[in-house]
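Below is one structure; the comments refer to it alone.
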Amino acid sequence: MRIAVDAMGGDSAPSVIVEAALLAARYLKSHHVILAGDEKQIRDQFAVFGYRGTGIEIVHAPDVVGMHEHPVEAMRRKRRSSIRVAAELVKDGQADAMVSAGSTGAAVAASTILYGMLPGVRKAGIAAPMPTRSDGVCVLIDAGANMATTPAHLLQYGLMADIYSRIAFNVESPRVGLLNVGEEDAKGNALAKETNSLLKESPLNFVGNAEGRDIFEGTCDIVVCDGFVGNSILKASEGLAEAVIHILGIELRKTIRRRIGAALCKTAFRAVKHRMDCSEYGGAPLLGVNGITIISHGASNGRAVFNAIKVAARLAEMNLNARIIEEVEAARNDER
């Protein structure tokens, strides 16, 4: 598998991206990493890490899409931006998948414009893995690709996430919930009520409406919502996790007894942090586009981007998009 990586995307690029590429070169022997970015900066980082090998390819892309820039306009204006060049490698068949920790909007725009949509799919959605109390994963879709959606879009999100959950997390029959303000079918706005009806009639293992807490309770394997709500949940969850860890750290340092207790529980705290660490999942796939794109957090470290490369390769190997096309087509036939 050939994985194109946006070398200039992310808060600490290109350093952490090069680190991830070196990890991939060392541990993923069957995969080939292509770094799209400023060649001088990338080679400078090679020198920092002491890398003198030839297994990592560089495709020069001098421009960078800033977080403040309008994604679509940036794609059209900066034709040699690292994120666009990485997407072009996938489009032209020179790479099997792309990974980016840069602007989410730019990753969505580049993938949508250059790959196009899968046959039968109307809108792409970001499928973000969220940790649960049951030591599993709940896939939240859409986590920010599209702000305006219809019931038909949400149904397709469920269908696509079902395939992803089976491939990425080995869930045999993913339980699908629809995010709402209550469990009762009568709850919610018109979008939620109509989507509820569509999901009931679909081949999915639909378990009904889900409230926000169900994402973390482990009662659902997939929770479907529009991108505005999903991104708000994602950002709020990240902020809450950071706040809890920060507050806990302050409280545990206040007395000697607490410090001793914290020292005794260090391995437990480390395990909790590990379970809550999104870097374990690497990133979130953009489902629905005619290519594989993994969107990583801007603050991703080298291990997180390395894991994103592994996820990208696995989804490409398992023919994710071919299976999505089959599922969507089957659902359309059922509607007829």
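Give just the number: which of (1) modelled with pLDDT of 95 or more; (2) out of contact with any strand residue (DSSP E or B) (no Cβ under 9 Å at 6 or more places or on another chain) does ASN170 not satisfy?
For ASN170, the exception is condition (1).
For LYS91, state whether it is within 20 Å of THR293 (Cβ to Cβ) and touching a residue at least 24 places away in the same chain (Cβ under 8 Å).
Yes.
Which of the residues belonging to the range 114-129 are part of a strand (DSSP E or B) and surrounded by 20 or more Cβ atoms within 10 Å (Cβ to Cβ)?
Correct list: GLY125, ILE126, ALA127, ALA128, PRO129.
In the range 180-229, which residue that is touching a strand residue (DSSP E or B) at 6+ places or on another chain (Cβ under 7 Å) and basic (Lys, Arg) is modelled with the highest pLDDT?
The extreme case among them is LYS200.
Do you know which of the residues in the range 253-262 that are at pLDDT 90 or above and of a type in the set (A, V, I, L, M, F, W, C) is farthest from the chain's Cα centre (by Cα)?
Per the stated criteria, the residue is ILE256.
Could you say which residue among ASP226, ASP221, ASP214 is of a type in the set (Asp, Glu), more than 16 Å from ARG133 (Cα to Cα) and within 28 Å of the chain's Cα centre (by Cα)?
Of ASP226, ASP221, ASP214, the one residue that is of a type in the set (Asp, Glu), more than 16 Å from ARG133 (Cα to Cα) and within 28 Å of the chain's Cα centre (by Cα) is ASP226.
Report every pair of residues separated by at least 6 positions or lying on different chains whose Cβ atoms are under 9 Å apart, first residue within the range 174-203 and at positive phi, second at pLDDT below 90 and of a type in the set (Ser, Thr, Tyr).
none
If you take the residues in the range 40-71 that are of a type in the set (A, V, I, L, M, F, W, C) and part of a loop (DSSP other than H, G, I, E, B), which one is surrounded by the fewest Cβ atoms within 10 Å (Cβ to Cβ)? Lay out the reasoning, then the answer.
Keep residues of the range 40-71 that are of a type in the set (A, V, I, L, M, F, W, C), which gives 42, 46-49, 56, 58-59, 61, 64-65, 67.
Those still in the list that are part of a loop (DSSP other than H, G, I, E, B) too: 56, 61, 64-65, 67.
Values: ILE56: 18, ALA61: 26, VAL64: 24, VAL65: 28, MET67: 13.
The selected residue is MET67.
Has the range 85-96 got at least one residue that is outside any loop (DSSP other than H, G, I, E, B), within 20 Å of ALA143 (Cβ to Cβ) and modelled with pLDDT under 95?
no
Would you tally the residues in the range 298-336 being in contact (Cβ under 8 Å) with a residue 24 or more places away in the chain, in a loop (DSSP other than H, G, I, E, B) and closer than 22 Å to LYS123 by Cβ?
So the count comes out to 0.
Need the failing condition index for GLN156 against (1) in contact with a Lys or Arg (Cβ under 7 Å, 6 or more places away or on another chain); (2) farther than 20 Å from PHE206 by Cβ; (3) modelled with pLDDT of 95 or more, just the number.
Evaluating GLN156 over (1) in contact with a Lys or Arg (Cβ under 7 Å, 6 or more places away or on another chain); (2) farther than 20 Å from PHE206 by Cβ; (3) modelled with pLDDT of 95 or more leaves (2) as the failure.
Looking only at residues that are within 15 Å of the chain's Cα centre (by Cα) and of a type in the set (S, T, N, Q) in the range 86-110, which one is nearest to ASN307 (Cα to Cα)?
SER100
The values are calculated or read from the model by the stated rules, or taken from the named source; none is laboratory data. Given the structure is predicted, the values throughout are model-derived calculations rather than measurements. Using ideal geometry, Cβ is built from the backbone for each residue, glycine included, and neighbour counts are taken over all protein chains shown.
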